[in-house]
Amino acid sequence: MSCASDRPEPLPNHPAGPPDEEAQLLVDPRLHQAIRLFNAGDWYACHDGFEELWHECQGPMRPVLQGLLQIAVAQLHLERGNHHGAMVLTGEGLGRLQRCDDQALGVDLKSLRQASALWLQALQSNAATTDLPQPHLQLVGEPSR
């Protein structure tokens, strides 16, 4: 499981539930498009992509998708001058992703959490964010930027 959940584990001798949600998402072209849009800084469009997938998920990938879309919407709020909204959503997204493994959906969540923590710290202290690199979804196995 990729994120801590309040759901009980399946009982022995009972079906494990739906097919592996992460495996299904990894072959879904919408996920890859949302990741490309995120990395291009197209916050509104990537949010739409992640949200569509999030609405379809009921398993352990749901909080991962929600955290990713919250980080994206935080950046959208910042672009639109909504400092408070950016701070709140960065914190919520980071909090959601803190409960997840370091890797999910082919993405290095550990590096995203580290970058998001820097954004949150800057937003909370009203520091300039212009020197911070744009959040990036580092793919597992991809060389660091």
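Throughout, read-outs are computed from the coordinates displayed, never taken from laboratory work. Note that the coordinates shown come from a computational prediction; the quantities given were computed from them, not determined experimentally. Note: ideal-geometry Cβ built from the backbone for every residue, glycine included; neighbour counts use all protein chains shown.
The candidate values are (i) 16.5, 55; (ii) 16.5, 47; (iii) 15.6, 55; the one derived from this structure for Rg and Dmax of the Cα atoms in Å carries the label (iii). Converting phi to 3J(HN,Hα) with the Karplus coefficients 6.51, -1.76 and 1.60 and the offset θ = phi - 60°, the stretch 102-115 yields 6, 9, 7, 6, x, 10, 7, 6, 4, 5, 5, 4, 4, 5 Hz in sequence order, with x at every glycine or proline.
With contacts taken as Cα pairs under 8 Å at a separation of at least 6 residues, the stretch 22-124 carries a relative contact order of 22 percent. Pick out which of GLN58, GLN33, GLN98 has the largest mean-square fluctuation in a Gaussian network model of the chain, springs linking Cα atoms closer than 10 Å. Its mean-square fluctuation being the largest, the pick is GLN58.
Computed over the chain with a Gaussian network model linking Cα atoms closer than 10 Å, the most mobile of ALA117, ALA127, ALA74 is ALA127.
Only helices enter this figure: runs of n ≥ 4 DSSP H residues, each worth -39500 (n - 2.57), summed and divided by the residues of the chain, yield -18000 deg cm²/dmol at 222 nm to the nearest 500. Placing pseudo-labels 7 Å out from each Cα toward the beta carbon at ARG99 and LEU132 gives an inter-label distance of 2.3 nm. Dipole orientation for the chain: of the candidates SER125, GLN138, ALA34, SER125 has the Cα lying most toward the positive pole (charges on Cβ; Lys, Arg +1; Asp, Glu -1). Once the chain from ASP42 to ARG30 is taken as fully extended at 0.36 nm per residue, the excess over their C-alpha distance is 2.9 nm. For ALA104, the residues whose amide H sits under 5 Å from its own are LEU109, ignoring neighbours fewer than 5 places away on the same chain, with H placed 1.01 Å from N.
Put in order of Cβ neighbour count within 10 Å, fewest first, the listed residues ILE35, ILE71 become ILE35, ILE71.
If each residue of separation counts as 0.36 nm, what is the full-extension length gain between GLU142 and GLN124 once their alpha-carbon separation is subtracted?
That pair, GLU142 and GLN124, stretches by 3.4 nm at full extension.
Taking the chain as a Gaussian network of alpha-carbon nodes connected by springs under 10 Å, the highest mean-square fluctuation of the residues LEU109, LEU89, LEU118 belongs to LEU118.
When the dipole is taken about the Cα centre of the stretch 10-145, and only Lys, Arg (+1) and Asp, Glu (-1) are charged at their Cβ, what size is it in debye, to the nearest 20?
Computed about the Cα centre, the dipole is about 340 debye.
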